[in-house]
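The values are calculated or read from the model by the stated rules, or taken from the named source; none is laboratory data. Remember, it's a predicted structure, so these values are computed and weren't measured experimentally. Note that we place each Cβ from the backbone using ideal geometry, even for glycine, and neighbour counts take in every protein chain shown. Please note that ligands, DNA and RNA were not included when accessible areas were found on the heavy atoms of the full protein model with its side chains. Shrake-Rupley method; radii C 1.70, N 1.55, O 1.52, S 1.80 Å.
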Amino acid sequence: RSSDLLSDAMKKKSQPTMKDVARLSGVAESTVSRVISGTKFVAPETREAVERAMRELNFHRDAHARRLARGQSDFLGLVISNIENPFYPGLIKSFETAALNAGYEVLLCTTNYDPARTAHVFRKLIENKSPGVAVMTSRVDPGMAQQLAECGVASVFLDSGGPAPWKSDIRLDYAKGAGEAVRYLHTLGHRRFALLAGPQNRASHAGYRHA
């Protein structure tokens, strides 16, 4: 009988469902759901039977359905400008490690300094119900933080006008870092300096100029 159920399920063109797992393991669908979610106690022998049926059917959880049920996804968003920038690989690795340790995956998005693409990135994060987003580029309209907050998405920005409800802000001491570089050049005997910088309304460039 068990082999017949397995054969019937495997003949289906669609992916096996919880109902198939329940039939093969001889339990109710609600029990299969509890095994998958891990939210309630299930007897060890029952859990083993359900997990065995899942393996035999090659059953995989429906991540989209889980997101709908919980009202949010298990993906944390990480927004950067350009993945080729040597500043980012170490940041991405550290962010991913911290996210995994907290039980989350990472949804990496790049803006390439394009306003239209940036708007698409934020829309994508909201549509995917990301519970939190780290925006590690200063070239983003600060108003995006309000857009995230209105949709219940927590965020942390880089040099973006200070904290607000649902929003944290990381401030970097650009003047201190640039000052160390200038002092180093000074110890080498250099006395004439030139500064090549971008838009002067950015905190980083103001710090460089001050240094």
### Query
Just for region 103-131: of the residues that are aromatic (Phe, Trp, Tyr) and assigned to a loop (DSSP other than H, G, I, E, B), which one is nearest to Leu172 (Cα to Cα)?
Tyr113
### Task
Could you grab me the full set of residues in region 115-125 that are surrounded by fewer than 17 Cβ atoms within 10 Å (Cβ to Cβ) and either under 18 Å from Gly152 (Cβ atoms) or polar (S, T, N, Q) (or both)?
Arg123, Lys124
### Task
Test each condition in (1) among the polar types (S, T, N, Q); (2) open to solvent by 40 Å² or more (accessible area, probe 1.4 Å); (3) at negative phi; (4) at pLDDT 85 or above for Asn112 and report the one that comes out false.
(3)
### Message
Residue pairs, Cβ under 9 Å, 6 or more apart or interchain, first in region 40-53 and of a type in the set (A, V, I, L, M, F, W, C), second part of a helix (DSSP H, G or I) and open to solvent by 90 Å² or more (accessible area, probe 1.4 Å). List them.
### Response
Ala53/Arg23
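Here are Ala149, Ala134, Ala145: which of them is in contact with an Asp or Glu (Cβ under 9 Å, 6 or more places away or on another chain) and either hydrophobic (A, V, I, L, M, F, W, C) or part of a loop (DSSP other than H, G, I, E, B) (or both)? Quick ask: steps written out before the conclusion?
On the way: Ala149 fails: in contact with an Asp or Glu (Cβ under 9 Å, 6 or more places away or on another chain); Ala134 fails: in contact with an Asp or Glu (Cβ under 9 Å, 6 or more places away or on another chain).
Of the residues listed, the single one that is in contact with an Asp or Glu (Cβ under 9 Å, 6 or more places away or on another chain) and either hydrophobic (A, V, I, L, M, F, W, C) or part of a loop (DSSP other than H, G, I, E, B) (or both) is Ala145.
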### Message
Checking the conditions here, which among Gly90, Gly38, Gly103, Gly77 is within 20 Å of the chain's Cα centre (by Cα) and modelled with pLDDT under 90?
### Response
Gly103
#### Entry: Failed condition for Leu148, given (1) free of Cβ contacts under 8 Å to residues at least 40 places away in the same chain; (2) within 30 Å of Arg209 (Cβ to Cβ); (3) open to solvent by less than 40 Å² (accessible area, probe 1.4 Å); (4) of a type in the set (A, V, I, L, M, F, W, C)
(2)
### Summary
Selection from region 70-102 of residues in contact (Cβ under 8 Å) with a residue 24 or more places away in the chain, open to solvent by less than 60 Å² (accessible area, probe 1.4 Å) and either farther than 19 Å from Ala154 by Cβ or not in a helix (DSSP H, G or I) (or both) yields Gly71, Ser73, Asp74, Leu76, Gly77, Leu78, Val79, Ile80, Ser81, Asn82, Tyr88
### Message
From the list Ala203, Ala181, Ala211, exactly one residue is out of contact with any Lys or Arg (no Cβ under 6 Å at 6 or more places or on another chain), farther than 30 Å from Arg123 by Cβ and at pLDDT below 90. Which is it?
### Response
Ala211
### Residue check, Val133 closer than 26 Å to Ser37 by Cα, surrounded by 15 or more Cβ atoms within 10 Å (Cβ to Cβ) and not hydroxyl-bearing (Ser, Thr, Tyr)
yes
### Query
Take the residues of region 162-211 that are assigned to a loop (DSSP other than H, G, I, E, B) and among the charged types (D, E, K, R): which is surrounded by the most Cβ atoms within 10 Å (Cβ to Cβ)?
Arg202
### Residue match in region 54-69 (condition: at pLDDT 80 or above, touching a helix residue (DSSP H, G or I) at 6+ places or on another chain (Cβ under 7 Å) and assigned to a strand (DSSP E or B))
no
